[in-house]
């Protein structure tokens, strides 16, 4: 029998039907793939990312990568990996309930076609 992980705190936003470890590993793979795009760049956000990833704080690791990449011209693959991580973490749904711009919102803006409005 496979145990299914169910979130029990507001910070645990995974909505997986897969086992928690598998779901977490896939999310970490997306975050790590995005981080490799930033290799060689020095930024405190990357230190924050590594700290949060080591502590399995995936939402915070996601936010640190968005912060590190937001002001840079990065390839779309960076934002696509972050998009996949945000979806797995349920961050887009959570952003709907926030009164401020979230890291998930910033990620979505980078994925929008270049002619799209950023209203």
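The values are calculated or read from the model by the stated rules, or taken from the named source; none is laboratory data. As the structure is a prediction and not an experimental result, all values here were calculated from the model. Note that each Cβ is placed from the backbone with ideal geometry, even for glycine, and that neighbours are counted across all protein chains shown.
May I ask you to verify whether residue 119 is surrounded by fewer than 17 Cβ atoms within 10 Å (Cβ to Cβ), modelled with pLDDT of 90 or more and assigned to a loop (DSSP other than H, G, I, E, B)?
Values: surrounded by fewer than 17 Cβ atoms within 10 Å (Cβ to Cβ): yes; modelled with pLDDT of 90 or more: no; assigned to a loop (DSSP other than H, G, I, E, B): yes.
Judged against the criteria, residue 119 is not a match.
Is one or more of the residues making up the stretch 92-105 in contact (Cβ under 8 Å) with a residue 12 or more places away in the chain and within 13 Å of residue 34 (Cα to Cα)?
Among the residues of the stretch 92-105, not one is in contact (Cβ under 8 Å) with a residue 12 or more places away in the chain and within 13 Å of residue 34 (Cα to Cα), which makes the answer no.
Filter the stretch 37-50 for residues that are exposed (fewer than 12 other Cβ atoms within 10 Å of the Cβ) and assigned to a helix (DSSP H, G or I) and give the result.
Looking only at the stretch 37-50, we keep the residues that are exposed (fewer than 12 other Cβ atoms within 10 Å of the Cβ), and these are 39-40, 42, 44.
The one that is exposed (fewer than 12 other Cβ atoms within 10 Å of the Cβ) and assigned to a helix (DSSP H, G or I): 44.
Looking only at the stretch 39-51, how many residues end up being modelled with pLDDT under 90 and under 16 Å from residue 79 (Cβ atoms)?
2
Checking residue 77 against (1) modelled with pLDDT of 95 or more; (2) within 15 Å of residue 103 (Cα to Cα); (3) more than 9 Å from the chain's Cα centre (by Cα), only one condition comes out false. Which one?
(2)
Can you pull out every residue in the stretch 80-102 that is at pLDDT below 90 and either under 9 Å from the mean Cα position of the chain (by Cα) or not in a loop (DSSP other than H, G, I, E, B) (or both)? Outline the logic, then answer.
Within the stretch 80-102, the first condition is being at pLDDT below 90, and the residues that meet it are 90-102.
Those that are at pLDDT below 90 and either under 9 Å from the mean Cα position of the chain (by Cα) or not in a loop (DSSP other than H, G, I, E, B) (or both): 91, 92, 93, 94, 95.
Please go through the stretch 69-102 and give me each residue that is more than 26 Å from residue 22 (Cα to Cα) and surrounded by fewer than 16 Cβ atoms within 10 Å (Cβ to Cβ), ordered by number.
70, 71, 72, 73, 75, 96, 97, 98, 99, 100, 101
For a quick check of your reading of the model, give me the residue pairs whose first member lies in the stretch 6-35 and is at negative phi and modelled with pLDDT under 85, whose second is in a helix (DSSP H, G or I) and exposed (fewer than 13 other Cβ atoms within 10 Å of the Cβ), with beta-carbon atoms closer than 9 Å and at least 6 apart or on different chains.
16/22
Is the stretch 51-68 home to any residue that is in contact with a helix residue (DSSP H, G or I) (Cβ under 9 Å, 6 or more places away or on another chain), touching a residue at least 12 places away in the same chain (Cβ under 8 Å) and exposed (fewer than 13 other Cβ atoms within 10 Å of the Cβ)?
Checking the stretch 51-68: at least one residue is in contact with a helix residue (DSSP H, G or I) (Cβ under 9 Å, 6 or more places away or on another chain), touching a residue at least 12 places away in the same chain (Cβ under 8 Å) and exposed (fewer than 13 other Cβ atoms within 10 Å of the Cβ).
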